[in-house]
1. So how far apart, in nm, are the two label points at Ile75 and Glu180 if each is 7 Å from Cα heading toward Cβ?
2. Could you check the simple spin-label distance between Ser170 and Gln201, using points 7 Å along Cα→Cβ, in nm with one decimal?
3. Can you compute 3J(HN,Hα) from phi for each residue in segment 269-274, using the Karplus curve 6.51 cos²θ - 1.76 cosθ + 1.60 with θ = phi - 60°, rounded to whole Hz and x for Gly and Pro?
4. Cβ neighbours within 10 Å, averaged per peptide: list 135-143, 160-168 in order, most packed at the top.
5. Per-residue HN-Hα couplings for segment 149-159, Karplus 6.51 cos²θ - 1.76 cosθ + 1.60 at θ = phi - 60°, whole Hz, x for Gly and Pro?
6. Filter the cross-link list Lys4/Lys274; Lys67/Lys158; Lys32/Lys146; Lys31/Lys274; Lys29/Lys156 down to pairs whose alpha-carbon distance in this structure exceeds 24 Å.
7. Check Thr287: other-chain or 5+ apart residues with amide H under 5 Å from its amide H, H built from backbone geometry?
Amino acid sequence: MADKKTAFVLSGGGLRGCFQVGALQYLMKEKKIVPDIVCGISTGSLQALGVAQGTDLEQFWTKNIRKKSNVYSSIVTIGNAVLLFGLYSALLAFCLGISYSIIPTWVSCIIAAPTSGLLFILVFGFIIFPNIKSINTFSGLEKILKNNFDKEALNKSKIDLYVGTVDLKSSVLAYHPKNEICIKDILASCTIPVFFPPVRQKELLSVDGGVRDVAPMRIAIKNGATEIYLIICDMLKPCPQSSKIKNLLDVLNRTLGIMLHEIIVNDIEAAVKKNELAAKSRYKKITLYVIDPDEEFNTMFGDILDVNAVHIARGIAIGKKRAAAVLEQGPMTKKRIEKILQMICPTGE
């Protein structure tokens, strides 16, 4: 087909991005598929950049992303938490007029901590860090990008690149093309709000584009894509939580995961429906392949910020295997997406 245009579309997913690495290696090295367009959101922006500038992504990940400190570090460390609790304990002991014998002090503190300890730590924490905007910092990833960002290779590349970010002030989603892109754009696209600090760019306060667009197919379609390989970092069919939901953070993570999954499924359903209308409308028919992980991968990466070299290597291998299976199975169809929707809501219409 003369006007065929191929796009790789890469979703967000934190360290689960290693799955995309394996899938891309299979598509480009085994099947010799070279995209005309590559679009990335969040962790997908890292892979999108690599594809556009010709980076060996498997080597990039295995060399640079081996432990947590390579990528990010915590602002509020365990040491800080212990210090805050120690200060709280001493203050409480003083206020209650307790003598500094070990047993009375700690017994009193333990009894009082559940009711007032958290409040004290929060208040004291905000006094010490009044402008804190996240619980982690991306110093490691920024260093990796500075060492690997190749503007010259990017400008020479025949592959069009789009990386998505959202400005917290205006709430506007922006896609940065390769001729304008900079390291801060990639860093901002990877910035999950609260977990990592927003990236300041002149008047903008930029974060993960996945806040508005989890699977950036629209920008690919807008730029003429007729064959899309959508590589997502979560199973398309509903997958039970592999680990126990023990605390508030677990509830938050799981809730966000379900919400993002819903957005991706709806986007895929919309693309399939557009194909039905293509013959009778201005829409071009789109061949859509959806490459998603298996249950083993989802179980292994219950925490999307868990940096584990062994898991990453296994995730890359699973990506290659799943890409091969999906290409053998064929493009996404109305019947398959309807089956997934039925799994999500068995009593729905």
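1. Those two pseudo-labels are separated by 2.8 nm.
2. 1.1
3. These are the phi-based 3J(HN,Hα) values: 4, 4, 5, 5, 5, 4 Hz.
4. 160-168, 135-143
5. 6, 10, 5, 5, 5, 5, 5, 7, 5, 8, 8
6. Lys67/Lys158; Lys32/Lys146; Lys31/Lys274
7. Glu227, Ile228
We did not get these values from a lab; they are worked out from the coordinates using the rules stated. It should be emphasised that the depicted structure is a prediction, and the values quoted were computed from it without experimental measurement. Backbone-built Cβ (ideal geometry, glycine too); neighbour counts: all protein chains shown.
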